[in-house]
Amino acid sequence: MSQRKIRVVVTGGAGFIGSHLIDRLLADDNTEVLVLDNLSRGRITNLARWQGNPRLDVVQADVRDAQSVQALLYDSDIVYHLAAQSTVMGAVNDLGYTFSTNVVGTFNVLTAAAHHGVRRVVFTSSREVYGEPISLPVDEESPLLAANSYGASKAAGEAYCRAFRREFGLQTAVLRLANVYGPRDFGRVIPHWFELAQAGCELPVYGGKQVLDFVWVGQAVEALVRAGRLEGSVPPINVGSGTGTRIVDLARRIGRLVDSHARLSLQPARKVEVTRFVANVDRMRQILKLEPPLDPLAYLPEVAPLPVRVALT
Ligand SMILES: NC(=O)c1ccc[n+]([C@@H]2O[C@H](COP(=O)([O-])OP(=O)(O)OC[C@H]3O[C@@H](n4cnc5c(N)ncnc54)[C@H](O)[C@@H]3O)[C@@H](O)[C@H]2O)c1
């Protein structure tokens with residue numbers, strides 16, 4: 001008799017982190033994955049290598065549509081909930097979409113998961129829930145003082161995760177991701193600067209004082225997978241490198257990688273952006289048994305445009 005496969009739903013699975021998660025999950029022959037994505041930022045091409053694989057089902061659907069979510073989560077064991085308005089500037093520019101996707105959409109996913117008796121929902125929260133931290137590194141007991149609509153929507157999602165655990169016994173795991181980087185991302189600082197540097201353009205640095213925590217997508221995916229396998233209730237967990245990178249050092253390093261003499265152009269700071277974050281990663285180490293690399297930017301060459309990558313190897 002053949003063993004029943006583990007059935008996993010990944011909302012936002014055609015996006016940057018989601019598609020890497022799919023690669024990791026489908027590497028296990030015993031796992032079947034259903035991707036629920038409205039393709040607003042996700043791309044089907046991110047999943048091209050799995051085209052025709054019977055263990056992957058991709059459904060274009062929207063987490064704001066409670067009925068679809070209810071139907072699609074039927075009979076699933078684990079739900080990784082990544083679908084979101086996923087950028088700070090995107091959130092600020094479309095408050096309504098951010099609220100309905102990140103808050104109502106999360107509520108719909110939790111409701112359906114509780115209804116179908118899903119074993120665990122893994123929720124991708126963000127370091128933005130802390131707002132501007134009082135001190136560094138930031139541990140998970142720090143106050144949640146979100147400073148923009150994106151952070152506020154993630155804090156609300158976390159609160160619903162907590163409430164559903166208490167009220168319906170739904171096991172959730174909240175991962176507060178730092179700044180994730182890797183191939184397939186776009187519109188965020190690292191891919192944007194690579195493009196500009198390669199075109200020989202100046203790299204705009206807003207404010208210039210930022211110190212942030214960058215984490216390789218492979219590590220973020222590993223954290224998600226391990227969180228999905230946990231037993232019992234778990235507290236929120238930071239997923240980061242635990243090391244601060246000065247934004248100007250990041251820009252210089254990108255410039256060196258593409259061998260351009262791209263200059264930095266200092267721009268006024270953007271009010272909604274948090275300027276300092278370094279994660280305390282003790283819980284990540286203890287609960288997820290994950291060790292961050294010594295150099296958080298060690299994988300930067302993997303993100304560089306192809307000709308550069310070839311030149312580097
Ligand atoms: N990338 C980071 O640095 C980072 C940091 C902290 C938290 N996160 C969180 O991790 C998750 C994944 O982020 P990402 O970087 O892969 O972003 P992404 O934008 O690449 O992926 C999000 C996916 O959600 C889909 N989506 C958006 N609205 C939807 C809706 N209403 N219904 C269904 N699908 C919808 C998009 O099409 C996209 O494929 C998000 O929840 C994001 O907030 C990301």
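The values are calculated or read from the model by the stated rules, or taken from the named source; none is laboratory data. Since the model is a prediction, treat every value here as computed from it, not as a measurement. For neighbour counting, all protein chains shown are included, and Cβ atoms are generated from backbone atoms with ideal geometry for every residue, glycine included.
Do we have any residue at all in region 119-130 that's in a loop (DSSP other than H, G, I, E, B) and not assigned by TED's automatic domain parsing to the domain that holds ALA251?
We begin by selecting, within region 119-130, every residue in a loop (DSSP other than H, G, I, E, B); these are 119.
The next check asks that each one be not assigned by TED's automatic domain parsing to the domain that holds ALA251; those that pass are 119.
Yes; the residues of region 119-130 include at least one that is in a loop (DSSP other than H, G, I, E, B) and not assigned by TED's automatic domain parsing to the domain that holds ALA251.
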Identify all residues within region 223-253 that are away from the ligand (no atom under 14 Å from the Cβ) and in contact with a strand residue (DSSP E or B) (Cβ under 7 Å, 6 or more places away or on another chain); write none if there are none.
GLY228, LEU230, VAL234, GLY242, GLY244, ARG246, ILE247, VAL248, ALA251
Restricting region 1-21 to residues that are in contact (Cβ under 8 Å) with a residue 24 or more places away in the chain and over 13 Å from the mean Cα position of the chain (by Cα), which is nearest to the ligand (Cβ to nearest atom)?
VAL9
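Please enumerate the residues belonging to region 72-91 that are surrounded by fewer than 20 Cβ atoms within 10 Å (Cβ to Cβ) and within 14 Å of the ligand (Cβ to nearest atom). Full working, then the answer.
First, the residues of region 72-91 that are surrounded by fewer than 20 Cβ atoms within 10 Å (Cβ to Cβ): 74-75, 77, 87, 89-90.
Within region 72-91, THR87, MET89, GLY90 meet the criteria.
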Here is a list of conditions, (1) of a type in the set (Ser, Thr, Tyr); (2) closer than 30 Å to GLU273 by Cβ; (3) modelled with pLDDT under 95, and SER2 meets all of them except one; can you say which number that is?
(2)
Quick check on region 205-240: of everything there that is within 18 Å of GLU132 (Cβ to Cβ) and polar (S, T, N, Q), which residue is nearest to the chain's Cα centre (by Cα)?
ASN238
Considering residues of region 178-212 that are away from the ligand (no atom under 13 Å from the Cβ) and in a loop (DSSP other than H, G, I, E, B) only, the residue surrounded by the most Cβ atoms within 10 Å (Cβ to Cβ):
GLN210
Name every residue in region 213-222 that is in a helix (DSSP H, G or I) and within 11 Å of the ligand (Cβ to nearest atom), in order of residue number.
VAL217, ALA220, VAL221
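What do you reckon, is ASP62 in the same structural domain as ALA156 (by TED's automatic domain parsing) and within 11 Å of the ligand (Cβ to nearest atom)? Spell out the reasoning first.
Values: in the same structural domain as ALA156 (by TED's automatic domain parsing): yes; within 11 Å of the ligand (Cβ to nearest atom): yes.
Considered against the rule, which asks whether it is in the same structural domain as ALA156 (by TED's automatic domain parsing) and within 11 Å of the ligand (Cβ to nearest atom), ASP62 comes out as yes.
Could you say whether any residue in region 168-179 is within 17 Å of the chain's Cα centre (by Cα) and within 23 Å of ALA262 (Cβ to Cβ)?
Going residue by residue through region 168-179, those that are within 17 Å of the chain's Cα centre (by Cα) are 172-179.
Filter once more, so that each one left must be within 23 Å of ALA262 (Cβ to Cβ): 179.
Checking region 168-179: at least one residue is within 17 Å of the chain's Cα centre (by Cα) and within 23 Å of ALA262 (Cβ to Cβ).
Filter region 230-250 down to residues that are in contact (Cβ under 8 Å) with a residue 40 or more places away in the chain and surrounded by fewer than 23 Cβ atoms within 10 Å (Cβ to Cβ), then give me how many there are. I'd like the intermediate steps shown before the answer.
Here is the first cut: in region 230-250, the residues in contact (Cβ under 8 Å) with a residue 40 or more places away in the chain are 230, 232-245, 247-248, 250.
With the extra rule that they be surrounded by fewer than 23 Cβ atoms within 10 Å (Cβ to Cβ), the set shrinks to 230, 232-236, 242-245, 247-248.
Looking only at that region, the number is 12.
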Exactly one of GLY90, GLY52 is over 24 Å from ARG229 (Cβ atoms) and either among the β-branched types (Val, Ile, Thr) or more than 17 Å from the chain's Cα centre (by Cα) (or both), and that residue is GLY52
Of (1) within 15 Å of the ligand (Cβ to nearest atom); (2) of a type in the set (Gly, Ala, Ser); (3) surrounded by fewer than 20 Cβ atoms within 10 Å (Cβ to Cβ), GLY42 satisfies every one except (3)
Output for region 25-38, where each listed residue is loosely packed, with under 15 Cβ neighbours inside 10 Å and under 21 Å from the mean Cα position of the chain (by Cα)
ALA27
